[in-house]
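Provided herewith is a single structure, encoded as C-alpha cells, for subsequent inquiry.
The values are calculated or read from the model by the stated rules, or taken from the named source; none is laboratory data. Model, not experiment: these values are computed from the prediction. Neighbour counts are summed over all protein chains in view; Cβ atoms, including those assigned to glycine, are modelled from backbone coordinates with ideal geometry. Please note that ligands, DNA and RNA were not included when accessible areas were found on the heavy atoms of the full protein model with its side chains. Shrake-Rupley method; radii C 1.70, N 1.55, O 1.52, S 1.80 Å.
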Amino acid sequence: MRMAQEGRIDLNRHLQGFDFSLRQLLDHTSGLPDYYSLPAYRKAVERNEEPWPAEDLREATLAQGRLFSPGKGWAYSNLGYMLARNLIEHVAGQPFAHLVRQMICAPLGLDSVKLAETRSDFARLHWAGAQHYHPGWVYHGCLTGTAADAAELLHALFMGRLLNSSMLKEMQIRHPVGGAIEGRPWTECGYALGLMSGRCGDIGRMIGHSGGGPFVSGQPRPFRPCSSKA
C-alpha cells in the first residue's frame, strides 16, 4: 500500500503472466488455491522438514486448479501473498526484510520486529514449539517481535502514520464473506486489503487478522476511534 501510494505499484494492473491484479491478491478475489490445502505440505510441516523450494510450492499449489475467475468469488490464498511479496521485491529491487525495516520498522522505532527467515531466528521466541518449525514455510514472510511493537504497528497504521487518509480508506474497503468462524472470535466476517474486517460479538467492530499455525494463534484487535496519544 505504501508503494502504491508512492506510485511505484499499480494495485489494478495484472501481474505478469496472470489474469488478476495485486488488489485481487490482497483481498483474496483472484481465484487462486491455497497451499495449506496440500496434504503433502501439511505433512512436511508436521514432520519438521525443510521448506520446499518456492517454485515447487507454487507449481504444486497451482496444479490444484483455479477456484473461480478473478473477481467472481472469494477464497483465502497464502499463495496470493507469496506472489504479492515477489512483485514487491521485483519492483523495489530489494529483499523484503530490508523493505520492512526501511518502510515500517525504522520510521516507527519498532526495534524488536524482524522478518524470521531461518530456524535460528526463532530462537528468541518464548514458545518452545517454535524450535520445531521453520519460518520458511510461511512463504510471504513471518514477522516476529514483542506484543507492544505489534500493537504500535497497528496503532500507527490506523492513525495515518504509515498511509495517507485516502490510501488507508482504500485499504479498508471490505468484502462481506460470511458469519462466524468456528474456533475464532469472529461473528461477522469481511475482508479488506490484507485485513480481516468484521465484528466479534459484544466487543464490536474488529480490524486485524486472526489465524493459526503449528504453535501459535493470532487474534485481531478491537477497533476504537482514538487520539494519536492513546
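How big is the gap, in Å, between the Cα center of the stretch 116-175 and the Cα center of the stretch 40-93?
The stretch 116-175 and the stretch 40-93 have Cα centres spaced 18 Å from each other.
Then there is this: If I model a spin label at E50 and A180 as a point 7 Å from the Cα along the Cα→Cβ vector, what separation in nanometres do I get?
4.5
For the stretch 1-102, take N as its residue count and report Rg(C-alpha) divided by 2.2 N^0.38 Å.
Values: Rg = 14.6 Å, N = 102, 2.2 N^0.38 = 12.8 Å.
Cα-based Rg divided by the globular estimate yields 1.14.
Return the single residue from G93, G145, G208 with maximal mean-square fluctuation; model: Gaussian network over the chain, springs between Cα atoms under 10 Å.
For the chain, modelled as a Gaussian network with Cα springs under 10 Å, the answer is G93.
When the accessible area of the stretch 33-99 is split by element with a 1.4 Å probe, what percent falls to carbon and sulfur? Don't skip to the end; give the middle numbers.
Numbers: 1980 of 3660 Å².
Exposed carbon and sulfur together represent 54 percent of the surface.
Excluding residues on the same chain fewer than 8 positions from K43, give the aspartates and glutamates whose Cα lies under 20 Å from its Cα.
D34, E55, D56, E59
Using all Cα-Cα distances in the stretch 59-137, what percent lands in each 5 angstrom bin from 0 up to the longest?
All Cα pairs considered, the percentages come to 3, 11, 15, 17, 18, 16, 11, 7, 2.
On to the next question. Counting other Cβ atoms within 10 Å, which GluC sites (Glu not before Pro) in the stretch 1-78 have at most 12 and lie in a DSSP loop?
Details: sites: E6, E46, E49, E55, E59; in loops: E6, E49.
Here the sparse-neighbourhood loop sites are E6, E49.
Under a plain spin-label model, where a point goes 7 Å from the Cα along Cα-to-Cβ, how far apart in nm are H98 and A40?
With each label placed 7 Å out from Cα toward Cβ, I get 3.4 nm.
Using a Gaussian network model of the chain whose springs link C-alpha atoms within less than 10 Å, name the residue from G65, G17, G80 with the highest mean-square fluctuation.
Maximum fluctuation in the GNM of the chain, among the listed residues, is at G17.
Based on DSSP loop calls and a cut-off of at most 12 other Cβ atoms within 10 Å, the longest stretch of the chain free of exposed trypsin sites (Lys or Arg not before Pro) is what? Write out the running numbers ahead of the final one.
Details: sites that count: R8, R13, R47, K72, R124, K229.
By the stated rule (loop sites, at most 12 other Cβ atoms within 10 Å), 125-228.
Right, here's the next one. Can you give the helix-only mean residue ellipticity at 222 nm for the chain, where every DSSP H stretch with n ≥ 4 adds -39500 (n - 2.57) and the sum goes over all residues, rounded to the nearest 500 deg cm²/dmol? Spell out each step's value before the answer.
On the way: 8 runs with 65 residues, N = 230.
Roughly -7500 deg cm²/dmol at 222 nm, from the helical runs in the chain.
Would you tell me the accessible area of L143, worked out with a 1.4 angstrom probe on the heavy atoms of the protein chains, in Å² to the nearest 10?
In the full protein context, L143 sits at about 90 Å².
Using only alpha carbon pairs under 8 Å that are at least six residues apart, calculate the relative contact order of the chain and give it in whole percent.
Values: 327 pairs, mean separation 35.5, N = 230.
About 15 percent, as a whole number.
Please identify the helices of the chain, taking whole runs of DSSP H, that span at least 24 Å along their own axis as judged from the Cα atoms and have a mean Kyte-Doolittle score of 1.6 or higher.
Helices meeting the criterion: none.
Something else about it: Debye calculation, C-alpha points only, no solvent: report log10 I(q)/I(0) for the chain at q = 0.13 Å⁻¹, in the same order as the q values.
Values, matching the q order: -0.87.
So, one more: If I compute solvent accessible area with a 1.4 Å probe over the protein chains, what percent of it on the stretch 102-214 is carbon and sulfur? Provide the component values of the computation, followed by the final result.
Working: 3230 of 5750 Å².
Carbon and sulfur: 56 percent of the exposed surface of the stretch 102-214.
Please give the per residue accessible area of the chain, computed with a probe of 1.4 Å over protein heavy atoms only, in Å². Mind dumping the intermediate values first?
Numbers: 12320 Å² over 230 residues.
Heavy-atom SASA per residue in the chain reads 54 Å².
Among the chymotrypsin sites (Phe, Trp or Tyr not before Pro) within the stretch 103-159, which fall in a DSSP loop and have no more than 15 other Cβ atoms within 10 Å of their own Cβ? Spell out each step's value before the answer.
On the way: sites: F122, W127, Y133, W137, Y139, F158; in loops: W127, Y133, Y139.
Passing sites in the stretch 103-159 are W127.
If you build a Gaussian network model of the chain, linking Cα atoms that sit under 10 Å apart, which residue out of D149, D111, D27 swings the most?
Highest fluctuation among the options: D111.
Between K169 and S120, what is the FRET efficiency for a Förster distance of 41 Å, r being their Cβ-Cβ separation, to the nearest 0.05? The partial results should precede the final answer.
Values: r = 40 Å, r/R0 = 0.98.
My answer for the efficiency is 0.55.
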